[in-house]
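The values are calculated or read from the model by the stated rules, or taken from the named source; none is laboratory data. Remember, it's a predicted structure, so these values are computed and weren't measured experimentally. Cβ: placed from backbone, ideal geometry, glycine included. Neighbour counts: every protein chain shown. For accessibility, only protein heavy atoms count, side chains too; no ligands or nucleic acids. Shrake-Rupley method; radii C 1.70, N 1.55, O 1.52, S 1.80 Å.
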Amino acid sequence: APPGSDTYKGWLFKWTNYLKGYQRRWFVLSNGLLSYYRTQAEMAHTCRGTINLSTAHIDTEDSCNIVLSNGGRTYHLKANSEVERQRWVTALELAKAKAIRMRNNQSDDSGDEEPASQSDKSELHGPLKTLSSKLEDLSTCNELIAKHGAALQRSLSELENLRLPADSGEKIKAVNERATLFRITSNAMINACRDFLDLAESHSRKWQRLLQHEREQRIRLEETIEQLAKQHNSLERACRGAPGLASGTASISSTAKGSVQSAKGEASDEDEETEYFDAMEDAPAFITVTADPKHHRRSGSNLSGASEGHPEDWNLEDSVFESSNQSSYNESTGKDLLPRKRRRSRIPDKPNYSLNLWSIMKNCIGKELSKIPMPVNFNEPLSMLQRLTEDLEYHELLDKAVKCESSTEQMCFVAAFSVSSYSTTVHRTAKPFNPLLGETYELDRLEELGFRSLCEQVSHHPPAAAHHVYSRRGWTLWQDITISSKFRGKYLSIMPLGAIHLEFHSSGNHYVWRKVTSTVHNIIVGKLWIDQSGEIEIVNHKSKDKCQLKFTPYSYFSRDVPRKVTGVVSDADGKAHYVMSGTWDEKMECSKIVHSSHGSTSTEGKQKTVYQTLSPKVLWRKYPLPENAENMYFFSELALTLNEPEERVAPTDSRLRPDQRLMESGRWDEANVEKQRLEEKQRAVRRRREAEAVEALEEGKDYEGYIPLWFERKVDAVTGELICVYKGGYWEAKDKQDWGACPDIF
C-alpha cells in the first residue's frame, strides 16, 4: 500500500539485543498503531509489540535508521535502503498526524457502534417521527402553494392578454414576477427541510452511541460509589468487632489478589479491577538475624551455601556510615562553601475553599490526567519541575557516597537517596502544576550546598521533563522522566517512566534506577492518602553491583510497619553484602552481612535466605516538617524555598508563572482564570505546530517538531533509550543575562 493509505506493511530490521543485534521483523502500520511480528503468519495470533504513534517521537539517525520512542518504550529500526526508510518515515508521520487529529476529535466518528437499548431508540425515534410529520405538513403546504401559485399565474397571464391600459399591464407583470419568486422561495424552503431530515437520520446512530456512553458512565459511577459504601460499612463492622478480627484475617486476605508493577519493565496500563495484594501474603524472601560482633568468630561455618563477611570491616569509629546522620539540613559541610543565604521559612496559609468534586470527577474516568482541565483547588503552588528538584533535599547522602572506597558501601547510600525522594509525598496529596512546554526551573546552590540543578519541560503530550544536576563535590545526576497517570474511579495511579542516572566523578561508578508507582487512594469518598508500591533495581554499570529494593504496599490487616522498604545489596557475583531496611517516610538503615545461608522452605515452595548481620546503622532520617506545615501544603523546609522569587532567572522559570504565584498568594479565583489563559495559549501554539507538520509532510519536507532549548535528544549508551541530556549553555546565558532564545510561554 502507498505510504498515504491507512495501512502500511513491510519488512524492517529491529534491534533486539547486543547478542543478536538487528533481526528481520514484519511491521504493520494501521490506525495510528505500529505493530510487529516475527513472520507474516504470526499476524493471525501473536503480536510481539505495539507502539502508539499519537504520543510517539520519530527520529532518524542516519540514511537507513529510524528511532521510535513512546515513554519508556523505544524501537530502533533499520530499512534496506534510504528510499525504503523515507517511505516508512512518511507513512509514520502521516499516521501520527492522523492519530493526533482523531484523538483531539475524541474519535467520535470511528469504532464499533454499540446497540442502543429500546428506551434509547424510542427517545431518538420520537423526534425523528415528529420531524417527518412536520415535513409532510410542509410538503402539503408546498403543493397547495404550487397549485394556487399556478392558478394565480394563469389568471395573471389572462389579464396580460386583455387589452388594458399600459400602466395596468406593467403592474400585472410585476405581480407575476413576485408570484414566481414566491414559488421558488417556497421550493427552496422545502428542499432545506428535506436536507435537514436526511442529516438528522444520518447522525442518529452517532447520537445513539453518545447517549449510550453517557448512560454507561453514569451507571459505572453509581456502581463505584455503591461498592465504596459497602466497603466502608464492612470496615466499620470489622472495627467494632476487633477482638474477633484475627480469626477472619486469613479469609479476608485471600480475596485480595493482584500484583505490584515492576519499575524495570515497559509501561503497561493496569486493569480497572486491579487491587494491590495484601502484604501478609507476600513475606520477604530473606530473614535477618543480628549477630554480636564481639563474640562472632570467623571460623568455618557449617551452614550450607554460607558466605562469610569480616566484622572488622564494620569500623565503628571511622566508617562513613557512622557519620551518615550527624548532619542536618541547616548545617553546612565542606570548607569550600559559603555560609547559607537566609531564605523564607513560610508561605501564606492555604485558603479553605469548598469544591463540588462530583461535577469534575464524572467527566474524568478513564482519561489521562494531563488532559483533564483541573482547577487549582486540586493543586499545590509548585510545578512538576520543582517537585523533581525536591528529590535533592537529601543530597548530602550523595556527598557522603563520594567518600566511600567500597562500591557496595557506596551503593547503600545511593539506595537510601533513592528512597528519600518519597519522604515528602506522605502528606502531599495535592497535584503539582503541569509545566508548560519550554518551561524551566533552576536551583543554583553551588556556593551554598555545592550543586546546581536545571529542569526543562521537553514534551507536552506525553508530558516529559529533563533534569540535570552537577555537584562540585564529585557527582552528577540526570534523568528524563515521563509521567503517566490514570484515574480509575477508586484511586489514581501515577507511573513515572524513564531512568535516573547518577555518576561519581572520581570512581566513574554509574548507577541507574527507575521510580516506583505512586497511588492516591480515596479519590471520591474518604480522606486522601498516598502509597508507594513496586520494586527498584539499582545497578552500578561499572562494577555490576546491584541493589533490589521492595516497597511493600499498605495493607489494613498487615502486622508489618506501614510504608516498609526492604532490600539487599550484592556484588557482581551475586554475593550479598548489606541488608537495607526502613520506611520511605521516616528512615533507612543498613546492616552488614556476616553470614548467609538457605533457610526453610515457605508454604509457596520458595526457599528463604537467612542473613546474619551486625547491628544496623542509620543512613538517612527524615527532617521534621516546619511549624504550621499542615496549613502550608505540608511543604518541607526546601519546598518552602523552591518558589521564592529570585533575580536573574530565565523568563521561562516556574517562579515567574503567574497562575502558580496567584495560588500561592491565596487568590485562587484569579489563578483559575490565569491558568485557563496559559493553557489556551499553549494549545494555540500546539495547533500551529501541528499545522506546520502536516504542511511539511505534504510538501515532502522533514519536520523536526519542538526542539528543547537546553537539552538534546540522544540514545543513552547504557540503557539504549532515547533520552534528553543537558547540552550546556544555560548557566553561561545566565551570567550574560542573554535570554533571547527563550520562548514566550507566560
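Just a few scattered comments:
- Here the label points at ASN52 and VAL673, each 7 Å from Cα along the C-beta direction, are separated by 3.6 nm in the simple model.
- Interchain or long-range residues, amide H under 5 Å from HIS577's placed H: VAL569, SER570, ASP571
- Order by protection proxy (mean Cβ within 10 Å, highest first), peptides 52-61, 170-179: 52-61, 170-179
- Reachable lysines, given that their alpha-carbon falls under 23 Å from the alpha-carbon of LYS350 and they are not under 8 places away in the same chain: LYS431, LYS527, LYS675
- Lys-Lys pairs in region 7-102 that are eight or more residues apart or on separate chains and whose Cα atoms lie under 19 Å of each other come to 5.
- Multiplying the residue separation of SER139 and ASP735 by 0.36 nm and removing their Cα-Cα distance gives an extension gain of 206.6 nm.
- Nearest-0.05 FRET efficiency for LYS20 and GLU692, computed from C-beta distance (R0 56 Å): 0.90
- For GLY49, distant residues with modelled amide H under 5 Å away: TYR36
- Amide H within-cut-off set for ASN379, under 5 Å, with H built and near neighbours excluded: LYS431
- With the highest mean first, a sort of the peptides 31-38, 728-735 on other beta-carbon atoms found within 10 angstrom per residue produces 31-38, 728-735.
- Rg/Rh for region 7-102 stands at 0.94; both radii use Cα atoms, and Rh follows the Kirkwood definition.
- At an R0 of 22 angstrom, the distance between the Cβ atoms of ASN522 and GLU222 translates into a FRET efficiency of 0.75.
- Vicinal HN-Hα couplings computed from phi for region 689-694 (Karplus, 6.51 cos²θ - 1.76 cosθ + 1.60; Hz; Gly/Pro x): 5, 5, 5, 5, 5, 5
- Here GLU405 and GLU627 are evaluated by their C-beta separation; at R0 = 41 Å the FRET efficiency comes out at 0.50.
- Entry note, region 7-102: relative contact order of 24 percent, from Cα contacts under 8 Å with a spacing of 6+ residues.
- The modelled label-to-label distance between ALA200 and ARG648, using points 7 Å beyond Cα along the C-beta direction, is 7.0 nm.
- Only protein atoms count toward the accessible area here, which uses a 1.4 Å probe; on region 7-102, the carbon and sulfur part of that area reaches 47 percent.
- The accessible-area ordering, largest first, of the residues HIS460, HIS501 stands as HIS460, HIS501, per a 1.4 angstrom probe.
- Sequence-distant lysines (8 or more away, or on other chains) whose Cα lies within less than 27 Å of LYS171: LYS147
- When each of the peptides 39-46, 493-500 is scored by the mean number of other C-beta atoms lying within 10 Å of its residues, the order from highest to lowest reads 493-500, 39-46.
- Using the Karplus relation 6.51 cos²θ - 1.76 cosθ + 1.60 with θ = phi - 60°, the per-residue 3J(HN,Hα) values for region 411-417 come to 4, 4, 5, 5, 5, 5, 5 Hz, with x marking Gly and Pro.
- In order along region 440-451, phi translates into HN-Hα couplings of 10, 8, 10, 9, 9, 10, 5, 7, 9, 10, x, 9 Hz, rounded to whole numbers, per the Karplus curve 6.51 cos²θ - 1.76 cosθ + 1.60 with θ = phi - 60° and x for Gly and Pro.
- Cross-link partners of LYS575 among lysines, defined as those whose alpha carbon lies under 16 angstrom from its own and excluding same-chain residues fewer than eight positions apart: LYS544, LYS546, LYS592, LYS608.
- Annotation: per residue accessible area for region 7-102 equals 49 Å², rounded to a whole number [probe 1.4 Å, protein chains only].
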